[in-house]
Structure formats: structure tokens, C-alpha cells
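Enquirer: One structure coming up, written as C-alpha cells, with questions to follow.
Every read-out reported here was derived from the displayed coordinates using simple, explicitly stated rules and does not represent laboratory data. In this text, all values refer to a predicted model and were calculated from it rather than measured experimentally. When we count neighbours, we look across all protein chains shown, and the Cβ atoms used for this are built from the backbone with ideal geometry, even at glycine.
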């Protein structure tokens, strides 16, 4: 197993077990059994690992399983991901400050929606209306995401996907016809 994977596996395990703010780089080092120098050779900080977990899971899913499928399928997967990894999401959603999870999720989602929209329409730049529409979609989806993470709703995966698809304009519901590489992903 490579060192980067050992570190990420150790961090992901800790993210499920402890509040994010309680996790130190030293805890990750101890669990991974690597040196501080080795950690910083691969990662900037624990926030990079927090982002990597979400990004890697979503990107792999989209690229490997649902490339060419629709938003509904992706949103069903997202619901299942939240349910299966609720401890991780509860811990990272409590992060405050500039490196918080919700800021990352907004940036990740904006990049994803923008890239897919531009790729499907073979354009280089969003219009101002499209940019604002994407921001609106993201804020609504994050509100529902937070409700699910906090356990204040027990919406089914199908109802979750239906609800989030219902707020999306038709032009954003087109099939995803590009791979992760084409939308600038790992």
C-alpha cells in the first residue's frame, strides 16, 4: 500500500470517530504510523484530507458508475453517501472558519455544475444568469443536505433526489455526458 493511501485511510477513519476540531495532525501521524515530514510531503493540512474524502468519493462514483447518467442517480448516491457516512458529515459540518466544509462544498459543487453545463453546451463561460442559477441550486441543495446530516429530516433517497431535481431548471437536468477528466477532476 502506498504512503498517501495509508495517510488518507488513517485520516478518514479518525474523521468518522472524532469531531474534526479534536483531530490533530499528530493523531493522523500516529494512526498512519508515518512521520510529520512524510505527512507534509503529501498533504498541506488536515483540511485537505477532509476535502479529499468527499471529492474522491463523489468523483469516483460519477466517473466509474454513473458517467452518462442523470442527476437523479447522482443525488440518490449522495443521499446514500450522507446516510452511510453520517458521523463523518456531522463532524466536518461543525467546522467553523475559512476552511469549513460548507465553503468547500459550495466551491466543489459550483465547479462541478459549471463544468458539466459548459461541457454539455460546448462553451467556455457561464452567463451571469447561469452563474446565479447554479448558486441558487447549490444553496437549496446544501440546506437539504444539512437537514439530512443533522437528522432533522428522514427523507427517503428517492424523495431527496426528487426534491433536489425539482428545484433544478430543465437545462441543468440533462444527462451528464462527460467524464471527470473532462470537467477538470482528478
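Enquirer: Classify region 129-174 from the C-alpha gyration tensor, please: rounded if a/c falls under 1.5, else prolate or oblate depending on whether a/b exceeds b/c. Walk me through the intermediate numbers first.
Expert: Working: a/c = 4.26, a/b = 1.65, b/c = 2.58.
Oblate is the answer for region 129-174, as a/c is 1.5 or above yet b/c matches or exceeds a/b.
Enquirer: Counting other beta carbons within 10 Å of each Cβ, put 171, 109, 115 in order, fewest first.
Expert: Details: 171 11, 109 19, 115 16.
Arranged by neighbour count, lowest to highest, 171, 109, 115 become 171, 115, 109.
Enquirer: Which distance in Å, rounded to a whole number, links the C-alpha centroids of region 1-28 and region 126-161?
Expert: What the calculation gives is 28 Å, centre to centre.
Enquirer: So, one more: How far apart, in nm, are two points set 7 Å out from the Cα along the Cα-to-Cβ line at residue 90 and at residue 38?
Expert: Taking the simple label geometry, residue 90 and residue 38 are separated by 3.2 nm.
Enquirer: For a Förster distance of 45 Å, can you work out the FRET efficiency between the beta-carbons of residue 2 and residue 146, rounded to the nearest 0.05?
Expert: On the way: r = 35 Å, r/R0 = 0.77.
Efficiency for this residue pair is about 0.85.
Enquirer: For a quick check: sort 102, 71 by the number of other beta carbons within 10 angstrom, fewest at the front.
Expert: Details: 102 14, 71 20.
The most exposed by this proxy come first: 102, 71.
Enquirer: Follow-up. Rounded, prolate or oblate: pick one for region 1-56, where a ≥ b ≥ c are the square roots of the eigenvalues of its C-alpha gyration tensor, a/c under 1.5 means rounded, and failing that, prolate if a/b is larger than b/c, else oblate.
Expert: Details: a/c = 1.45, a/b = 1.20, b/c = 1.21.
Verdict is rounded for region 1-56.
Enquirer: Between helix 71-84 and the chain, what is the angle of the helix's C-alpha long axis to the longest principal axis, kept within 0 to 90° and rounded to the nearest 10?
Expert: Its long axis makes an angle of about 30 degrees.
Enquirer: Right, another one. Based on other C-beta atoms within 10 Å, arrange 36, 157 from fewest to most. Don't skip to the end; give the middle numbers.
Expert: Numbers: 36 11, 157 15.
Arranged by neighbour count, lowest to highest, 36, 157 become 36, 157.
Enquirer: While we're here: Tell me the angle of helix 46-64 to the major Cα principal axis of the chain, expressed in degrees between 0 and 90 and rounded to the nearest ten.
Expert: 50 degrees
Enquirer: Measure nothing but the geometry: give the 0 to 90° angle between the long axis through the Cα atoms of 128-150 and the longest principal axis through the Cα atoms of the chain, rounded to 10°.
Expert: Once rounded, one gets 50 degrees.
Enquirer: Would you mind computing Rg(Cα) / (2.2 N^0.38 Å) for the chain, counting N as its residues? Kindly include the intermediate steps, with their values, before the conclusion.
Expert: Values: Rg = 17.3 Å, N = 186, 2.2 N^0.38 = 16.0 Å.
Compared with the compact-globule rule of thumb, the chain sits at 1.08.
Enquirer: Now for a different question. Pull out the extension gain between residue 122 and residue 170, defined as 0.36 nm times the separation in residues minus the alpha carbon to alpha carbon distance; nm, one decimal. Numbers along the way, then the final one.
Expert: Working: separation 48, 0.36 × 48 = 17.28 nm, distance 1.74 nm.
Here the answer is 15.5 nm.
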